[in-house]
C-alpha cells in the first residue's frame, strides 16, 4: 500500500496530491536555502502563523457573500494577504523600533495566531460554519481533497519552483555577499522582496498539505541538512531541493495510506530523519566523518610524538602512544623500539631538526608557517632547500640502542 | 453583572489568566533583552510531546507527571538545539527551527496515534487552552470568598500558577543584580566572577517552568504572546530595567483582563450569545498594546 503510494499508483487524486507535496517540498527546500544563508530562517515562522487570520477572514467574507466558504483559492488569497501584513509588521518593528528581529517575529506570530484563533471561534458559532474544517489548516491533511485543490497545489508548487530557477542568481549573490551583489547592479530590496514573496507563496501553497504550524519546518530543515553535504552554494540549493522533495513525496505517500493521521507532522518527521542522517553520515561535515578524522589525527600525533621520544631515547609513559606504536610494529610492549621503529624515529628526528633550522631562518618564513608537528618538511620545501638545511645540520647520526 | 454569575464563572479564569500572563511576562523581559525571545516560542512548542509522553507512560493526566514530562521535553529541546548548533555548526535560529518543529510534529503524531479519547487531551487544547472551563462551581457569590467549603472547590490550576508565579517573582528579586548585569554586559559579569552560563541556563529553566504552568491552564498561544509582547511594549516605553519590568507586568495584566472581558462579553455587544476564545483574545490585546507602544512609546526609537 505504502509502496503503491510511493510509486503513484493510488488513483488520480492521491497521485496529484503526492506530486504536489513533492513539488512543494522541492520549492520549499530551495527557497529555504536562501533564507538560511541570510540567517532569517525564523522569519518564515511569523509568516506562516500570520496566515491563520487570513484563512478565517476569507471564510467569513465568502460565507457572508453567499459563496462556499471552503473554496480553497479564496482561502489561500486571504491567507496571503494577512501573511504579507505579518511580514510587513516584522520588517516595520525590527527596522523602525529598537526591537530586535526575533522579538518582532515572536510578537507577530503569537498575536496574529491568537487573533486567528478568535476568528476560528467566531466561525464555529456562525450558523453555516459549524464544521468548516478550517482546523485542518493547522496541521495539514490530504484526506478528502478535491481534484481542483490538488491541481492548485501541484500547479502552485511548480510555479514556485520555476520562479526560484529564474531568480536563483540574484538571490544567491545577495544571500552570500550583499556588497558584491549591490556593486553588480542587483537591487537588494527587490531581491529580498522576491525571496520573501517566494517564502509566502510556499507557505500559502503548503497550508493545505503541511499546515501552518509546521510548514516552517520544510523551509528550515532541508537547507540545514543540505549544508552538511556541500560547501558550495549551488550544490546546497540543489541538495536542499532534493531532500525537501523526498520528504514531501514520502510523507504525502504515507499519509495517503494513513488518512487519519495529519499529514504535516509525517512530512516533518521524514524531513528530520533526512536531517539526522545527513548530520551523522555526510562526508566532511558529518559527525561520523568528523569523529573518524579526529581519531586519525590523534593517532598521527601520538605516533609522531612517540617516534620523537624513541629517537631521543626517552621513555614513553602515555599508554595510548605505546599501544599505537606497538600496533604499527614500531616498538615492543616494554617501549623498546624495533628496527623499523629505530629507522622511522631517526627519520622523524631528522625532519624535526630540519624544521627547527627552517623555522629559525627568516628566509624560510613562509614555509615555516606551515609547521604543525605533523607535516613532513619534504612536502613543503624543495630538495635543493632541504640539502641547504642539511649542510647546516651535518650528517644523520645513528640512534643509540 | 452580579456576583452570583461573575464569581463562579469568570473570577477564577480571569485570575488564572492574569497570573499566567504575569508569570510569563517576568522572565520574558530578560529573554527579550538577551535576544532569546524565541526560546519561549520553542519551549511552548515542545511542551506538547512532553505532556503526551507523560500521558502514555503514566496513563493519566495527573499534574505532576505532566509537569515532569513537559520539563523533560524542554530539557531535551535545549540539549538538541545546543547539540545541533555546536556539533552540526548550524546557526542558532535554524537549529531552533529544526528542533521545535520536529518535537512538535512528534508530539502531534504520538497524540493522534494513541488512544486519548477518554481524556481531555488534544492538539487544539494544547494550542489555545481551556481557560473558560476553569470555573469555580462551588461559589455562589462574593460571599464564597470567605467560605472554606466553597474555597476547597477552587480549580487546582489556580494554586499551581499562583505558586509558580510566587517562585518566579522570588527568584527574580533574589537574583536581580547578577541577572541584570549578565543580561546587559556578559563580559563584565564574567569578570566580576558571576557564573554567567548558569545564570543563562537558570533563566531558560525558569521560563520553561512558567511556560509549563501557564500551558496547563491557558494553552501555548498566551504563553508565546506573554513572553514577548508585554516586555517588548514596555521596552519601547522606558530605558530603565526596573521600570520596564514593572510596566510589562502592568501591560500583561491589562491584556489579560481586557482580553478576557472582550472575549466573554464583547460578542454580546454585537448581538451574539457565543463567547470567543479568551486565550486568542488575550494574545490579540497584547498585540494591540504592543502596536500602540510601537507607534507612540517614548523610547521606541533605536538611538535613545
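The values are calculated or read from the model by the stated rules, or taken from the named source; none is laboratory data. Small disclaimer: the values here were computed from a predicted structure and weren't measured. All Cβ positions, glycine included, derive from the backbone under ideal geometry; neighbour counts span all protein chains shown.
The set of residues from region A:94-105 being under 18 Å from residue B:25 (Cβ atoms) and either in contact with a strand residue (DSSP E or B) (Cβ under 9 Å, 6 or more places away or on another chain) or free of Cβ contacts under 8 Å to residues at least 40 places away in the same chain (or both) comprises A:99, A:100, A:103.
Could you check, for region B:221-240, whether at least one of its residues is over 30 Å from residue A:213 (Cα atoms), without any contact (Cβ under 8 Å) to a residue 40 or more places away in the chain and in contact with a helix residue (DSSP H, G or I) (Cβ under 8 Å, 6 or more places away or on another chain)? Checked region B:221-240: no residue is over 30 Å from residue A:213 (Cα atoms), without any contact (Cβ under 8 Å) to a residue 40 or more places away in the chain and in contact with a helix residue (DSSP H, G or I) (Cβ under 8 Å, 6 or more places away or on another chain).
Residues that are surrounded by fewer than 16 Cβ atoms within 10 Å (Cβ to Cβ), in a loop (DSSP other than H, G, I, E, B) and touching a residue at least 12 places away in the same chain (Cβ under 8 Å) are absent from region A:109-126 altogether. Report yes if some residue within region A:56-70 is under 27 Å from residue A:221 (Cα atoms) and either in contact with a helix residue (DSSP H, G or I) (Cβ under 8 Å, 6 or more places away or on another chain) or modelled with pLDDT of 90 or more (or both); otherwise report no. No; the residues of region A:56-70 include none that is under 27 Å from residue A:221 (Cα atoms) and either in contact with a helix residue (DSSP H, G or I) (Cβ under 8 Å, 6 or more places away or on another chain) or modelled with pLDDT of 90 or more (or both).
For region A:205-224, state whether one or more residues are buried (at least 19 other Cβ atoms within 10 Å of the Cβ), at pLDDT 85 or above and more than 14 Å from chain B (Cβ to nearest Cβ). Within region A:205-224, one or more residues are buried (at least 19 other Cβ atoms within 10 Å of the Cβ), at pLDDT 85 or above and more than 14 Å from chain B (Cβ to nearest Cβ). Every test in (1) within 27 Å of residue A:142 (Cα to Cα); (2) in a helix (DSSP H, G or I); (3) within 20 Å of the chain's Cα centre (by Cα) is passed by residue A:213 save one, and that test is (2). There is at least one residue in region A:79-89 that is buried (at least 17 other Cβ atoms within 10 Å of the Cβ), closer than 20 Å to residue B:35 by Cα and more than 13 Å from chain B (Cβ to nearest Cβ).
Would you confirm whether or not region A:309-332 contains a residue that is touching a residue at least 60 places away in the same chain (Cβ under 8 Å) and under 35 Å from the mean Cα position of the chain (by Cα)? Checked against the condition, which is being touching a residue at least 60 places away in the same chain (Cβ under 8 Å) and under 35 Å from the mean Cα position of the chain (by Cα), region A:309-332 yields no hits at all. Need at least 2 residues that are more than 30 Å from residue B:10 (Cα to Cα) per element, so show me which helices (runs of 4 or more DSSP H) inside region B:88-180 make the cut, counting only ones lying wholly within it. Output list reads B:92-113, B:156-174. With the condition kept exactly as written, say whether any residue in region A:301-317 is more than 9 Å from chain B (Cβ to nearest Cβ) and under 24 Å from residue A:49 (Cβ atoms). No, the conditions are met nowhere in region A:301-317. Restricting to region A:168-182, and then to whatever is touching a residue at least 12 places away in the same chain (Cβ under 8 Å) and crowded, with 18+ Cβ neighbours inside 10 Å, can you tell me which residue is farthest from the chain's Cα centre (by Cα)? Result: A:170.
Determine if region B:245-254 includes at least one residue that is in a loop (DSSP other than H, G, I, E, B) and over 13 Å from residue A:110 (Cβ atoms). Scanning region B:245-254, I find no residue that is in a loop (DSSP other than H, G, I, E, B) and over 13 Å from residue A:110 (Cβ atoms), so the answer is no.
The single condition from (1) within 25 Å of the chain's Cα centre (by Cα); (2) within 14 Å of another protein chain (Cβ to nearest Cβ); (3) not in a helix (DSSP H, G or I) that residue A:283 fails is (2). Looking only at region A:255-273, how many residues end up being surrounded by fewer than 24 Cβ atoms within 10 Å (Cβ to Cβ), away from chain B (no Cβ under 11 Å) and in contact with a helix residue (DSSP H, G or I) (Cβ under 9 Å, 6 or more places away or on another chain)? Total satisfying the criteria: 1. Right, residue B:64: within 12 Å of another protein chain (Cβ to nearest Cβ), farther than 18 Å from residue B:134 by Cα and surrounded by fewer than 23 Cβ atoms within 10 Å (Cβ to Cβ) or not? No; evaluated as a whole, the condition is false for this residue.
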